[in-house]
Structures are given as C-alpha cells and as structure tokens.
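Derivation of every value follows stated rules applied to the coordinates shown; laboratory data play no part. Computed from a predicted model, the values in this text were never measured in an experiment. FYI the Cβ positions are ideal-geometry reconstructions off the backbone, even for glycines, and counts take in every protein chain you see.
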Amino acid sequence: MPETNANLASTSFFIIAMIIGSLFLLNLFVGVVINNFNIEKEKIYKNYLLTPVQQEYCDLMAKCYRMKPKTVYVSLGNHMKDFLYYVTINPAFEHTISISIILNTVCMGVSWYDEP
C-alpha cells in the first residue's frame, strides 16, 4: 500500500510547479488583455474614420491645447502699480506670505479659552 505524502521532493516539485504555472498563466492573460487594450486605445486615438486632412487638423488642435502661453506684463506708466506687480511675482513674497500664515496659525494655537 503506497503512503500519502511520503516523497517530500515530488510534493515540493508539484507545489512549486503549480505556483509557477499559475503565475505564468496569470501573467500571460494580463499581457494579452493589456495588448488588446493598447490596440483599441490606439484606434480610438488615431480615430481611423477621419480623413487625413481632418486627422492633421485634430493633431494641430491637440498641439495648440498643449502649449502654455507666457503672460507678459505691459506697463501702463503707473510706477506704484508696476512696483507692486514686481513685488508680488517675486518668490520671496510667496515665502513671506506662507511664513505669515504659519505664524498666525501658531499664535492662534497658543491661545486658549478663558486665558488670563
């Protein structure tokens, strides 16, 4: 009469083979799904129902939407307004405001109800 689980090597081999086999099949399935998804995404992106002229127009519009225009400040001759504009666009101004907010929060945090 054969004994159950008597050979540790064959038991280990079958357990490892099942784990590796299931991971391999899972990876294979995921790879096929991702490949089909990429193919469909490419079809939708290219929009294969458009004529070449329409496709070129769509590509041009997409490029226009991706561009970030630069803002240019135009001085109107008011020196105080110009000075305040340049002060507010300075990074030090942003840091000063942030520090002021933090200090205000700390000051409000150290006070308590019924303070003497």
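Which pairs turn up if I take residues in the stretch 1-28 that are surrounded by 10 or more Cβ atoms within 10 Å (Cβ to Cβ) and look for partners that are polar (S, T, N, Q) with beta carbon separation below 8 Å, at least 6 apart in sequence or on another chain?
So the pair list comes out as 11/5.
How many residues does the stretch 70-94 hold that are among the basic types (Lys, Arg) and part of a loop (DSSP other than H, G, I, E, B)? Break it down into steps so the answer makes sense when it comes.
Taking the stretch 70-94 first, the residues among the basic types (Lys, Arg) are 70, 81.
Still in the running and part of a loop (DSSP other than H, G, I, E, B): 70.
Residues that pass the stated criteria total 1.
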